[in-house]
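A short write-up of the structure that comes next.
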Amino acid sequence: MTPFLKMHGLGNDFVVFDARNRPVSFSRAETCAIADRRLGIGCDQVIVIENSANGADARMRIYNADGGEVESCGNAARCVGNLLMREIGRDCIRLDTEGGPLVCHASGGRITVDMGVPRFNWRDIPLSNEVDTPSFTIKLDDHAIAGSAVSMGNPHFVVFLENAETAPVAELGPAIERHPMFPERTNVEFAEVMASDRLRMRVWERGAGITRACGTGACASAVAAQRRGLCGKKVEVMLDGGALTIEWQGGNASVLMTGPAALSFRGEIDLGALR
């Protein structure tokens, strides 16, 4: 039997395996089985904590519910960061991810993650051809969808609209995710500017679908809004599962994301049964 933790950040939920002292591996199909909400444990992402090879406190690997490995996850970083800080008795740790290093701080029961510097070059996001990334359109059938592209270690396309509550997330999300403009697919955010310091955002996550929260998506939305002069440097982003505070001073400054992390329960799973 293999132990796991069920954790979540604002309802964006994870099955977390610790592979630092005992190897943990599974195929893409097994990842899907773990994530299945009817037949498995159920989650948006499966997380594996490994030893870091370059001096960080740990390496975090992230697998979406469709089994694909992805680069970064802000909500998972808060969960894993909080777990490790409690374990080693420090209020700051560094995680390695495929999307780059993430530094986590604990203060007042909330976790702040330095999400790194956002990237805007079309090749870095990546996009299939050069565009003006703060604002461009893609075509879906007979419709033109305008948005902003940002990389937070993973790709995002942020669509600004008047009412996020009525956004066609389930209809447009999967089509935009797999649009030819995004060769590695993309996360899709539907964002409403409520005030200069407040956004409402709903998300279609690449490889996971509609989730209650997306940390990198909240960062991308706040950064995209600031680039277009729609908000200030510190923004509360209201997600389906709750609020994240996002701060970006612009330029080459890192994006700081602050929010809660929670442990739902501990358990064990027979990975052999999945095979």
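The values are calculated or read from the model by the stated rules, or taken from the named source; none is laboratory data. For clarity, every value in this text was computed on a predicted model and none was experimentally measured. A quick note on method: Cβ atoms are made from the backbone with ideal geometry, for glycine too, and the neighbour counts reach across all protein chains shown. Only protein heavy atoms, including side chains, enter the accessible area calculation; ligands, DNA and RNA are left aside. Shrake-Rupley method; radii C 1.70, N 1.55, O 1.52, S 1.80 Å.
Taking 0.36 nm per residue of separation and subtracting the Cα-Cα distance, what length does fully extending ILE88 through ARG198 add? Let's see the in-between values first.
Values: separation 110, 0.36 × 110 = 39.60 nm, distance 3.51 nm.
So the extension gain works out to 36.1 nm.
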Can you list the residues of the stretch 206-233 with backbone N under 14 Å from a point 7 Å past the Cα of ALA253, pointing along Cα to Cβ? 222-224, 226-227, 231-233
If I take all pairs of Cα atoms in the stretch 1-154, what percentage of them are more than 23 Å from each other? 45
Considering only GLN249, GLN45, GLN226, give the residue with the highest GNM mean-square fluctuation for the chain, with springs between Cα atoms whenever their separation is below 10 Å. GLN249
Between the stretch 163-224 and the stretch 6-39, how far is it from one alpha carbon centroid to the other, in angstrom? 23
With just the Cα atoms of the chain, tell me how far they stretch along each of the three principal axes, in Å, largest first. 51, 39, 33
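Under 4 °C and 1.567 mPa s, how fast does the stretch 108-229 diffuse according to Stokes-Einstein, given a Kirkwood radius computed over C-alpha pairs? Answer in µm²/s, whole number. Present the calculation step by step, with values, prior to reporting the outcome.
Numbers: Rh = 14.4 Å.
Value of D from the Cα-based Kirkwood radius: 90 µm²/s.
Per residue, how much accessible area does the stretch 201-251 have with a 1.4 Å probe, in Å²? List each step's numbers first, then the result.
Values: 1570 Å² over 51 residues.
Spelled out: the 1.4 Å probe surface of the stretch 201-251, per residue, equals 31 Å².
Based on the Cβ-Cβ distance from LYS234 to PHE265, what FRET efficiency comes out when R0 is 41 Å, to the nearest 0.05?
Values: r = 34 Å, r/R0 = 0.83.
Rounded to the nearest 0.05, the efficiency is 0.75.
Over the chain, what percent of the accessible surface lies on carbon and sulfur atoms, probe 1.4 Å?
Working: 5450 of 11780 Å².
It is 46 percent, rounded to a whole number.
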If one takes the longest principal axis of the Cα atoms in the chain, at what angle in degrees, from 0 to 90 and to the nearest 10, does the Cα axis of helix 215-227 lie? 20
Amide H to amide H, which residues 5 or more places from THR2 or on other chains are under 5 Å from it, using H placed in the peptide plane? ILE269, ASP270, LEU271
For the stretch 11-76 (alpha-carbon point model, no solvent) the Debye-based log₁₀ I(q)/I(0) at q = 0.14, 0.24, 0.28 Å⁻¹ works out to -0.39, -1.04, -1.28
